[in-house]
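Everything below concerns the one structure shown next.
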Amino acid sequence: MTFRDRVEAGQLLAQQLQHLAGSELLVLGLPRGGVPVAFEVAEALHAPLDVWVVRKVGAPDQPELGMGAVAEGGVVFIDPRIQRMVGVPDAELEALVERKRREVAERVGRFRPPGHPRPRLEGRTVVLVDDGIATGGTVRASVQGLRQAGVRRIVLATPVAARETLEGLRPLVDEVVCLEPAENLWAIGAWYADFRQVEDEEVLGLLEEAARRRSAVVSPEPGRTHHTEEVLVDAGEVALPGTLSLPEGARGLILFAHGSGSSRHSPRNRRVAEVLQRRGLATLLFDLLTSAEEDIDRYTGELRFDVQLLAHRLGRAVDWAGRDSRTAGLRVGLFGSSTGAAAALTVAATHPERVAAVVSRGGRPDLAAGYLAFVQAPTLLVVGGADDVVLGLNERAAAALKCPVRVEVIPGATHLFEEAGALDRVAELAADWFSRLQPLGEPVGPGAEGPHPTA
């Protein structure tokens, strides 16, 4: 495969990284060439973009041949095999390394001017992106520096790499995504039709554009103040971390029920939440599983399908919101995705006096089959038109619901709504649906008396 340019390579790479949705992602590009690729990845994953500064230590007579690298945090990696091959004495090598240290410090200051500190790394999942990997020295130095900074998980992503180098890097990171592992990688540029040099000004421009786009997404309506804070949701036997966002004069509170291994950091649900906040709705994104349970579920995949457990905790969160002074006066809506939609419908059935509306995105309402007839809250089921199996499940669930219900199909969208404009359409539909929330004290809607709250 030959890539048209770094933009196309980044777009294709992003398609192979969609499974990372739900992690607390930070995309780091290796400047300069890796940043245009990383920009496309960050845009597709709705994740923040930054750089991890690293400088290759090239052989004196062959600067493109990397003997090693110097990265942020003072990390130095030297490949002794290549050093011996090119015959560079230790004293000369140390002088080269010192020069690269100064270059790293200078570039850190250039790419992160005052007022733009390095993003938090501790406990995060980092997608480390380059436009290609030959000897791997820059990646090794970068990975070592990121580990020292406390990164929880590192995903190495690149359009093309030497297969042998890639295998050597694989044990150092948690996951490798490479579109073209090459047996003979003579030059990275040979894999691109356009491999022009990337200048510092372009890197700065991409960083500024990425920050501007994220700021535009989260900006509230003009004149409306907006408060966000981290909270602990009392779910009985456990306390679940969450992010509570309260626009001034909020008309209602939307609780997000994540499913299929996702968490409160899901970029898709955060994107939807940001649209709801701009429409004057408070949001609570919180984890339905503890960190220990997430570690278990990452390998077994069982807890994400334990709808009774998810519904129990979501129901406790609804109760907590009713007691908390910041949210007690707000009618509740539930936004559920995948298996979280089944939990949302179960809680709507068992908490009819609190839940005023439900929206499901690519949900599995069939997993709440025993509760569907008792849901009173108006329910919107949003499904991708290309998600045939889930579309059928939602249509059958709509027939079983006795409440006001609508099935909205997004043409051409697949299960993750990753197609251009699909997720934005979901957000607007949800905002319109939840904008009809009635004040507390008014009946939610017609329906049978629900089952006793067992969720």
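The values are calculated or read from the model by the stated rules, or taken from the named source; none is laboratory data. All values reported here derive from a predicted model rather than from experimental measurement. FYI the Cβ positions are ideal-geometry reconstructions off the backbone, even for glycines, and counts take in every protein chain you see.
For SER325, the conditions (1) crowded, with 23+ Cβ neighbours inside 10 Å; (2) among the polar types (S, T, N, Q); (3) without any contact (Cβ under 8 Å) to a residue 24 or more places away in the chain are fulfilled apart from (1). Apart from one condition, PHE417 fits all of (1) at pLDDT 95 or above; (2) in contact with a Leu (Cβ under 6 Å, 6 or more places away or on another chain); the exception is (1).
ILE296 passes every criterion in (1) free of Cβ contacts under 8 Å to residues at least 40 places away in the same chain; (2) of a type in the set (Val, Ile, Thr); (3) within 19 Å of LEU391 (Cα to Cα) apart from (3). Taking region 332-357, which residues are in contact with a Pro (Cβ under 8 Å, 6 or more places away or on another chain) and either within 16 Å of GLU395 (Cα to Cα) or not assigned by TED's automatic domain parsing to the domain that holds ARG304 (or both)? Scanning region 332-357 gives ALA341, ALA342, LEU345. Determine whether ALA377 is in the same structural domain as LEU255 (by TED's automatic domain parsing), touching a strand residue (DSSP E or B) at 6+ places or on another chain (Cβ under 7 Å), assigned to a strand (DSSP E or B) and over 17 Å from SER338 (Cβ atoms). Here the answer is no, as ALA377 does not meet what is asked. Of everything in region 88-113, what is loosely packed, with under 12 Cβ neighbours inside 10 Å and either within 27 Å of the chain's Cα centre (by Cα) or among the aromatic types (Phe, Trp, Tyr) (or both)? Give them in sequence order. Of everything in region 88-113, just one residue is loosely packed, with under 12 Cβ neighbours inside 10 Å and either within 27 Å of the chain's Cα centre (by Cα) or among the aromatic types (Phe, Trp, Tyr) (or both), namely PRO113. Can we say PRO114 is closer than 25 Å to LEU204 by Cβ and at pLDDT 85 or above? When the stated conditions are applied, PRO114 does not pass them.
Hey, does region 385-394 have a residue that's crowded, with 23+ Cβ neighbours inside 10 Å and modelled with pLDDT under 95?
no
Within region 275-297, being within 30 Å of ARG425 (Cβ to Cβ) and assigned to a helix (DSSP H, G or I) holds for VAL275, LEU276, GLN277, ARG278, GLU294, ASP297. Each residue in region 179-192 was checked for being in contact (Cβ under 8 Å) with a residue 40 or more places away in the chain and touching a helix residue (DSSP H, G or I) at 6+ places or on another chain (Cβ under 9 Å), and 5 of them qualify. For region 167-207, a residue qualifies if it is buried (at least 19 other Cβ atoms within 10 Å of the Cβ), in a helix (DSSP H, G or I) and over 25 Å from the mean Cα position of the chain (by Cα), and the qualifying residues are ILE188, TRP191. Only one of the numbered conditions (1) part of a helix (DSSP H, G or I); (2) surrounded by 24 or more Cβ atoms within 10 Å (Cβ to Cβ); (3) under 20 Å from the mean Cα position of the chain (by Cα) is violated by GLY363, and that is (1).
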